[in-house]
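Student: Below: one structure in structure tokens.
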Amino acid sequence: MDPLSLFSGITAQQQQQMEQCFHPVRAAFEAGETIMSYASAPVRLGTLLDGRAHLSSLDAEGRESRLEELEQGDVFGEMFILPLDNQDYRVEADTGCQVMFIDYAHLIKRCANACPHHSQLVDNLFQITARKTQSMAMHIHVLSQRSLRQKLTAYFSFQRLLAGSSSFTLPLSYRALADYLGVDRSAMTRELSKMKREGLLTAHGRKITL
């Protein structure tokens with residue numbers, strides 16, 4: 001997929017003009033800090049200007065699930081996942097991060113200047129939402145597989161599709177991949193070793209060839 005961010009198709013000068021209407025807030029976070037905890041209604045949108053982070057959920061029993069990896073240009077917020085009463089969603093920094101927050105109310109109403117850049121931003125937001133929905137649907141498909149090998153195969157097939165090649169670099173560390181699949185990391189490592197011995201794939205670090 002082509003890179004897409006909230007400000008795709010919008011020049012730096014146009015972005016500065018829009019910020020006079022949106023009044024965004026910029027903030028810096030260190031690795032391990034919580035960037036955002038989701039509320040029960042859409043409050044604000046965050047976009048990662050620099051660094052890496054991830055979205056995770058925590059259920060009532062304290063089990064954490066890693067849902068999404070976030071890199072420069074990615075967006076996050078309640079408008080994508082409204083938490084249930086017993087589910088806690090939060091975005092945490094994996095590295096030092098620079099983040100811009102925009103109030104949800106500014107996004108859904110036309111600004112007083114009626115600038116065309118606002119329409120471009122909303123169009124970008126719709127496309128980002130569609131891609132997030134696709135990614136979440138794929139995650140559900142992967143998790144629905146019965147065996148660990150089937151989960152890995154489904155995930156690798158999706159990455160091959162995105163890369164357009166049987167060789168691709170995993171976007172996750174192996175620890176994060178185990179969290180994404182909801183499996184024990186040691187069990188996953190053993191299964192990957194079996195798949196390599198059987199000639200189903202080769203792996204050099206995070207470089208996978210099916």
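Student: Taking the condition open to solvent by 40 Å² or more (accessible area, probe 1.4 Å), closer than 30 Å to D103 by Cβ and assigned to a helix (DSSP H, G or I), does R190 pass?
Tutor: It is false that R190 is open to solvent by 40 Å² or more (accessible area, probe 1.4 Å), closer than 30 Å to D103 by Cβ and assigned to a helix (DSSP H, G or I).
Student: Oh, and also: Can you tell me which residue in segment 8-24 is farthest from L125 (Cα to Cα), limited to those that are among the hydrophobic types (A, V, I, L, M, F, W, C) and touching a residue at least 12 places away in the same chain (Cβ under 8 Å)? Give the steps one after another, and end with the answer.
Tutor: Step one: of segment 8-24, the residues among the hydrophobic types (A, V, I, L, M, F, W, C) are 10, 12, 18, 21-22.
Still in the list and also touching a residue at least 12 places away in the same chain (Cβ under 8 Å): 10, 18, 21-22.
Details: I10: 13, M18: 15, C21: 17, F22: 15 Å.
Checking each candidate, the answer is C21.
Student: Select from segment 71-82 the residues that are assigned to a loop (DSSP other than H, G, I, E, B) and among the aliphatic types (A, V, I, L, M) and write down the one among them that is modelled with the highest pLDDT. So that I can check it myself, show each step before the final result.
Tutor: Within segment 71-82, the first condition is being assigned to a loop (DSSP other than H, G, I, E, B), and the residues that meet it are 71-74, 78-82.
After this cut, where a residue has to be among the aliphatic types (A, V, I, L, M) as well, the list is 79, 81-82.
Details: M79: 85, I81: 81, L82: 69.
Looking at the filtered set, the residue picked out is M79.
Student: Would you please name the residue that is nearest to Q98 (Cα to Cα), looking only at residues in segment 1-39 that are open to solvent by less than 90 Å² (accessible area, probe 1.4 Å) and within 16 Å of the chain's Cα centre (by Cα)? Before you say what the answer is, go through the steps one by one.
Tutor: Taking segment 1-39 and keeping what is open to solvent by less than 90 Å² (accessible area, probe 1.4 Å), we get 4-12, 14-15, 17-19, 21-22, 24-25, 27-29, 31-39.
If we keep only those that are within 16 Å of the chain's Cα centre (by Cα) as well, we get 4-6, 34-38.
Values: L4: 18, S5: 15, L6: 15, T34: 13, I35: 10, M36: 13, S37: 16, Y38: 18 Å.
Only one residue tops the list, namely I35.
Student: Which members of segment 139-153 meet the condition of being surrounded by fewer than 17 Cβ atoms within 10 Å (Cβ to Cβ), in a helix (DSSP H, G or I) and without any contact (Cβ under 8 Å) to a residue 40 or more places away in the chain?
Tutor: The answer is I140, H141, L143, Q150.
Student: What are the pairs with Cβ atoms under 6 angstrom where one residue, in segment 25-53, is at positive phi and the other, located anywhere, is open to solvent by less than 40 Å² (accessible area, probe 1.4 Å) and assigned to a loop (DSSP other than H, G, I, E, B)? Sequence gap at least six, or different chains.
Tutor: G51/T95
Student: Sticking with this one: Looking only at segment 40-70, which residues are assigned to a loop (DSSP other than H, G, I, E, B) and open to solvent by 40 Å² or more (accessible area, probe 1.4 Å)?
Tutor: So the first thing to find is which residues in segment 40-70 are assigned to a loop (DSSP other than H, G, I, E, B), and the list is 40-43, 51-52, 59-63.
Of everything in segment 40-70, those that are assigned to a loop (DSSP other than H, G, I, E, B) and open to solvent by 40 Å² or more (accessible area, probe 1.4 Å) turn out to be S40, A41, P42, V43, R52, A60, E61, G62, R63.
Student: Inspect segment 83-98 for any residue being assigned to a strand (DSSP E or B), under 16 Å from the mean Cα position of the chain (by Cα), among the hydroxyl-bearing types (S, T, Y) and crowded, with 16+ Cβ neighbours inside 10 Å and give the result as yes or no.
Tutor: Scanning segment 83-98 turns up at least one residue that is assigned to a strand (DSSP E or B), under 16 Å from the mean Cα position of the chain (by Cα), among the hydroxyl-bearing types (S, T, Y) and crowded, with 16+ Cβ neighbours inside 10 Å.
Student: Sort out which residues of segment 71-82 are open to solvent by 10 Å² or more (accessible area, probe 1.4 Å) and β-branched (V, I, T), and write them in order of number.
Tutor: Initially, segment 71-82 is screened for residues open to solvent by 10 Å² or more (accessible area, probe 1.4 Å), giving 71-74, 79-82.
Within segment 71-82, I81 is the sole residue that qualifies.
Student: On to the next question. Residues to consider are K207, K109; find the one that is free of Cβ contacts under 8 Å to residues at least 12 places away in the same chain and surrounded by fewer than 17 Cβ atoms within 10 Å (Cβ to Cβ). Before the answer, list the steps.
Tutor: Working: K207 fails: free of Cβ contacts under 8 Å to residues at least 12 places away in the same chain.
Going through K207, K109 in turn, the sole match is K109.
Student: Right, something else. Can you say whether L172 is part of a loop (DSSP other than H, G, I, E, B), open to solvent by less than 70 Å² (accessible area, probe 1.4 Å) and farther than 17 Å from T47 by Cβ, as far as the supplied structure shows?
Tutor: Details: part of a loop (DSSP other than H, G, I, E, B): yes; open to solvent by less than 70 Å² (accessible area, probe 1.4 Å): yes; farther than 17 Å from T47 by Cβ: yes.
Yes, satisfied.
The values are calculated or read from the model by the stated rules, or taken from the named source; none is laboratory data. All values derive from a computational prediction rather than experimental measurement. Every residue, glycine as well, gets a Cβ built from its backbone with ideal geometry; the counts of neighbours run over all protein chains shown. With ligands, DNA and RNA removed, areas are computed over all heavy atoms of the protein, side chains included. Shrake-Rupley method; radii C 1.70, N 1.55, O 1.52, S 1.80 Å.
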